[in-house]
Structures are given as C-alpha cells and as structure tokens.
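What follows is a single structure, written as structure tokens, with notes after it.
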C-alpha cells in the first residue's frame, strides 16, 4: 500500500475528538439513522450514494448504463456482502449532499469521490482508502512534457480550490490564472491563453478521455485519499468491518489496481513526487 494510503487508513481509525471542527450545517450533526448490516440483509440491497457525472468514477455510458470505478466498487461490495452484485440501488448525489444523505439515513454508504479528512471523520466513519487522488496537469502543448516545463508559464486553477496552494508551493514560478469552471479552463486552453490546467487527477482523467487531444503530465502532488463513508456508531461496526475486509482483500488480490487501470486512472506509484 502507498505510504499515504497507510496514513489515511490510520486517520480513519483514530479518535478525533480533540481536533477543531469548522462550521458545519446543523443537520449534519443529527444522529445517524442508517440501516445496520442486518437490516440491509433483510431489505435485500444496499442504497449507495454515487456520482453520475464524473467520468471515470461514476457516469452514464453511451448505452445508458451507470459505470465507473466507484460503481464497480459498490457492485462488488453487494456481491461479496449480499451475494448479488445487482443488489444495490444507486442514488446520484451532488457533492454538498453526500454527508447529509448518509447522516440522515437516506443511504447506507457513500462511494462518491469523497476525500478522507479529519473534519469529516467527526461526522461519519471512513473505510480504508481505495484510491489516492492528487493534483496533476493537462495540456496539449508538445513542448510541455513535465511540470518543470511549466516554470514561468500560465497555469489555470479553479478559483478557491486547494490546487492553488499545491501549485504555488511546488511550482512557485508558474503564473496562476483563476478560472471559475472546467468549461472556462477548456476554453482558455483552446484559445491558447493558458499553457496548462491543474486539478485533481480523478477529474482530469475523465477530461483527457473526453478530449483525447489533451494529455496528463507525469506528476501527482499532495495526495488525497478517496474512501467509502459509512455511518458512525457501534451498531454499524459489522458493516464497517465487512467493507474494510473486502477492500483489503481486493488490494491484496490486485483487483483494485486492475480496476483503476481499466478506467484509465493514474496509479500513484508511477507518479513523480517532486517537480
């Protein structure tokens, strides 16, 4: 396992009571009423919050099927825990609704590009990570082959994103250009007013799949662990143990790595750790 994945797995198990908590909507603090594993088994299926507009994690293919890495994970959990990979109901979710849907008991699990953070761990439990995300770059300029080639060049970043601090720290000579959306970044690249766009690798993977004239640079900075969110509470311990046991087994058997590569996501071990 990647060292940062090991660290994030430890975070998921630590008591977080002494950490400071940012302002969070009151409804997120409502005690969870999610079903325990016995109730899920009696019901006969999981209800899982997923993304349906984020290739390659969760998206609709040309045949109208919901597919992606996180969809595969949810289906395999259903197969291993309930004995049927179709025993899962998917609930497409906006980012802002991922935690409320879990804490209010509307879903059993969240597998929706959710990063494991200390603040979130005060509200929900996390599985061990299934993917290490991070900042990378897309470009179609043939003169740019690595982040070193971006020194002094114009690099777009989403306004207000964590990517800004990452790029400023690792590539201080780059000229950052704020954009408000991925669409604006694409327009700037097409017009040639920027040289590259920096964002999360899981998102930019879908970008280059949709726009094959672009490519990602071999760099992955400031890794962020993606993990499954589960309800807190002793009554959900069996579910947490079952999910973690499955993820551990998939890592050891190589299934997770195979799925990551199948969906075109960069394997963290292959990425440079410094500019």
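Does residue 247 count as touching a residue at least 12 places away in the same chain (Cβ under 8 Å), in a helix (DSSP H, G or I) and either touching a helix residue (DSSP H, G or I) at 6+ places or on another chain (Cβ under 6 Å) or assigned by TED's automatic domain parsing to the domain that holds residue 46 (or both)?
Criteria met by residue 247.
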Checked 263, 255, 221 against criteria (modelled with pLDDT under 95 and either surrounded by fewer than 19 Cβ atoms within 10 Å (Cβ to Cβ) or within 30 Å of residue 164 (Cβ to Cβ) (or both)); the one match is 221
Given the structure, is residue 153 crowded, with 17+ Cβ neighbours inside 10 Å and out of contact with any strand residue (DSSP E or B) (no Cβ under 7 Å at 6 or more places or on another chain)? no
Working only within the stretch 138-149, note down all residues that are within 17 Å of residue 204 (Cα to Cα) and touching a residue at least 60 places away in the same chain (Cβ under 8 Å). 138, 139, 140, 144, 145, 146, 147
Could you run through the stretch 61-116 and say how many residues are surrounded by fewer than 18 Cβ atoms within 10 Å (Cβ to Cβ) and either in a loop (DSSP other than H, G, I, E, B) or on the phi > 0 side of the Ramachandran plot (or both)? 13
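The values are calculated or read from the model by the stated rules, or taken from the named source; none is laboratory data. Worth saying up front: this structure is predicted, and the values here are computed from it rather than measured. Using ideal geometry, Cβ is built from the backbone for each residue, glycine included, and neighbour counts are taken over all protein chains shown.
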